[in-house]
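Some notes on the structure that comes next.
The values are calculated or read from the model by the stated rules, or taken from the named source; none is laboratory data. Fair warning: this is a prediction, and the values are worked out from it, not measured in the lab. Cβ coordinates were reconstructed from backbone atoms using ideal geometry, including for glycine residues, and neighbour counts include every protein chain displayed.
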Amino acid sequence: MSQRRPRAKAAAAPSDLAPLAEAEADERPRVLVVDDDERNLLAIRTVLEDVGEVVVAHSGEEALRHLLKGDFAVILLDVYMPGMDGYETAQIIRSREQTKRIPIVFLSAVNKETEHLMRGYSMGAVDYVFKPVDPVVLRSKVAVFVDLFAMTREIQRKARQEQALLDANLRANAERLKAEQELRRAEQRQAAIIQSLPIILYLEPLDADPRWPAFISGDLVAMTGYEYAHVAEHPTLWAERLHEEDRDRVLAALEQRKTTGRFSVEYRWQCADGGWKHFHDQAVLLRDAAGQPVEFAGTLTDVTERRSLESELVQARKMDAIGKLTGGIAHDFNNLLAAVLGGLTLIERRLPLAEEQAKVLTMTRRAAEQGSDLVGRLLAFARRQQLAPASIEIASLSGAVTDLLAHTLGGLVALDWRVGEGLWCAFADQSQLELALMNLIINARDAMPDGGTISVEAQNRTIGSGTDGLAPGDYVVLTVADTGCGIAPEMLEQVMEPFFTTKEVGKGTGLGLSMVYGFARQSGGAFRMESEVGAGTRAQIWLPRAPEVAAAADAAGSGRRTARVRPLKILLVDDHDGVRTTTAALLRDLGHAVVEASDGAGVLSLLRGDPGCCELLITDYAMPHVSGAEVIRQARALRPGLPAVIITGYADAQSIARRPEDVLVLAKPFTADQLTAAIAASVPEARVREEAEALQVASVGA
């Protein structure tokens, strides 16, 4: 039995239409012949084999199965068959949606009566062929249905092709529309991005003189303050508003562009509001297909903020470098002062002095102490000083500072404090803040030789994002403002450098503002200055807001009697010979037994030989090869729990913070009382209680 080839899918892309048409053209219409007599089937197949593809079935059931598998041009159906006869089969075929329109021709050898014919027609037959079958008649009738089927299929095929073409056209149009929409959206996005950026795109004619752009894209008004129409009306505007110091360099680069075909230069340009901006102007020469120059295409970028940040970074690095240098100088200077003051203390304790000699000694000591104060200011700038931050009420601070300056300001200058209600407490070292405010107020006084009012204002400020080295958070801002002579812009950054001063020779050390700067930065805040020549200066100290529960500054030792300790065995290490010698002599005068070492290796060697050789270790912090903190750690590995004190003329705050928690830091130069208090705090069991002494004295007297 012949089988029908698989049919092609109805939907096809335009490129597949030709193969689909060829496949359908090669497919012959099929004719289904249903008869229980094999001889009849063979005869009919022979007659119709050149009309179409003949498929045979021996029963109604088999015919229905064939109909489930494919389509037919016509069905030749025998009326009388065992089981399901032709009428019943025709009725089922007509009841199915897929097969009800296939023409049915009944084959019958008997019952040519009208009633039988009418029954066949009522069952869906379109014609009758009576047996024995006339081949010519049968071929003629079947050919009509086959041709009709073929034409119908051709119409359907063309309809599918047209529909496929229409669908393809619609898809192409939709894709083109989508592409156009995407292009428009991309152009809009690009325009929005360019509009939001500090950048201008421009096209410029080759020989434009004076220079002017023929096309501009971007927010020209936001960058320069000028509309494009105004620029077109005033072509000399660009050159006129160049900064005087940049003009020759920029015009030379513009002239060179004619030979190089390129242009890239930065310059300052005055905007419509009178302010100056830094622009990066760059352009390249465009050529046509023949290589002929057409015009210049370029960009104008606002780099003002970048320049400002670069300037701040350079200034910060410069201040950091100066700070490190200053801290190193302070370290060496403190060692010298420690030796000088230690020697003076020994002379005073050991030798009886005449009044004149005592006066000279006192003057010498005072000069050394002033040197120590100078070093303290250097350390403040270098952010290496020891601070004791606590919660500070600005209202009470104002009274203390006013009292300190009462006799300094004179009658021509008034001090106006503006401290509003609800002001937060600042978190800083109060004594250093008082000193910083005094420096700023005295500077303001000196800037107003004819008198005036110095205002000190305190405000609450909150920063949402970090700026100028400040972390996000709450701050208390103290502003000292005057109406004096002001500071020139080129000097504004220099005034915070150590030893730089705008005052006359002999009237300033140049350390006041540098100390304020270092104190503010070390406290977690910032120091800012604004000034205009002839209009005055505003100096701001930004300090962090104190926590809700802030610990008060440690005032231990103030107002108390000097501590006393019993004689101890002390191991002293310092790489500076003068400091080590005077410190050892001072300790011996206080009754202690002292073993000296010049470095950490010597200390560790002594402890390895005799771990019980000392009751207290006193060590310098900054020494070659190993720091004082590391000496203490290694010493405690040999002698656990060994009490220790660090003495230092200079040390990085973070490095000192990494010392053992129970180790005190004593700053050089120090007095005998300060040294004794540090020893008493480090070796509490050695402290002589004055109450016990008083009882002992009373007992002896009785």
May I ask you to verify whether HIS576 is within 50 Å of the chain's Cα centre (by Cα) and either assigned by TED's automatic domain parsing to the domain that holds GLN522 or on the phi > 0 side of the Ramachandran plot (or both)? no
Of ALA252, ALA191, ALA239, ALA229, the only residue that is part of a helix (DSSP H, G or I), assigned by TED's automatic domain parsing to the domain that holds ALA283, small (Gly, Ala, Ser) and closer than 17 Å to LEU300 by Cα is ALA239
Qualifying positions in the range 120-148 - in a helix (DSSP H, G or I) and either polar (S, T, N, Q) or farther than 23 Å from ASP50 by Cβ (or both): GLY120, TYR121, SER122, SER140
Total residues in the range 30-74, condition assigned to a loop (DSSP other than H, G, I, E, B) and surrounded by 21 or more Cβ atoms within 10 Å (Cβ to Cβ): 4
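Among the residues of the range 75-99, write down those that are polar (S, T, N, Q) and assigned to a loop (DSSP other than H, G, I, E, B).
Let us first name the residues in the range 75-99 that are polar (S, T, N, Q), namely 89, 91, 95, 98-99.
Correct list: GLN98, THR99.
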When you go through THR582, THR619 one by one, which is the residue that is crowded, with 19+ Cβ neighbours inside 10 Å, in the same structural domain as ARG349 (by TED's automatic domain parsing) and not in a helix (DSSP H, G or I)? THR619
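Of the residues LEU177, LEU117, LEU203, which is in the same structural domain as PHE296 (by TED's automatic domain parsing) and either surrounded by fewer than 16 Cβ atoms within 10 Å (Cβ to Cβ) or closer than 30 Å to GLN256 by Cβ (or both)? Walk me through how you get there before you give the answer.
Details: LEU177 fails: in the same structural domain as PHE296 (by TED's automatic domain parsing); LEU117 fails: in the same structural domain as PHE296 (by TED's automatic domain parsing).
Sole residue among the options that is in the same structural domain as PHE296 (by TED's automatic domain parsing) and either surrounded by fewer than 16 Cβ atoms within 10 Å (Cβ to Cβ) or closer than 30 Å to GLN256 by Cβ (or both): LEU203.
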Across (1) more than 24 Å from LEU309 (Cβ to Cβ); (2) modelled with pLDDT of 85 or more; (3) of a type in the set (A, V, I, L, M), VAL250 clears everything bar (1)
Of residues in the range 138-159 being under 26 Å from LEU107 (Cα atoms) and among the small types (Gly, Ala, Ser), the one surrounded by the fewest Cβ atoms within 10 Å (Cβ to Cβ): SER140
Scanning for something in a loop (DSSP other than H, G, I, E, B), modelled with pLDDT of 80 or more and surrounded by 21 or more Cβ atoms within 10 Å (Cβ to Cβ), does the range 640-659 turn up at least one residue? yes
Considering only residues that are more than 12 Å from ALA63 (Cα to Cα) and among the polar types (S, T, N, Q), look in the range 79-98 and name the one that is farthest from the chain's Cα centre (by Cα). GLN91
What's the number of the only condition in (1) within 35 Å of the chain's Cα centre (by Cα); (2) under 19 Å from SER523 (Cα atoms); (3) surrounded by fewer than 17 Cβ atoms within 10 Å (Cβ to Cβ); (4) of a type outside the set (Phe, Trp, Tyr) that GLY422 fails to meet? (2)
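Could you say whether any residue in the range 127-149 is aromatic (Phe, Trp, Tyr) and farther than 15 Å from ASP35 by Cα? Before the answer, list the steps.
From the range 127-149, those aromatic (Phe, Trp, Tyr) are 128, 130, 145, 149; that's our starting set.
Then drop every residue that is not farther than 15 Å from ASP35 by Cα, which leaves 145, 149.
So far as the range 127-149 goes, yes, one or more of its residues are aromatic (Phe, Trp, Tyr) and farther than 15 Å from ASP35 by Cα.
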Could you list, in sequence order, the residues of the range 412-459 that are more than 17 Å from GLY486 (Cα to Cα), touching a residue at least 60 places away in the same chain (Cβ under 8 Å) and of a type outside the set (Gly, Ala, Ser)? TRP424, CYS425, PHE427, ASP429, GLN430, GLN432, LEU433, LEU435, LEU437
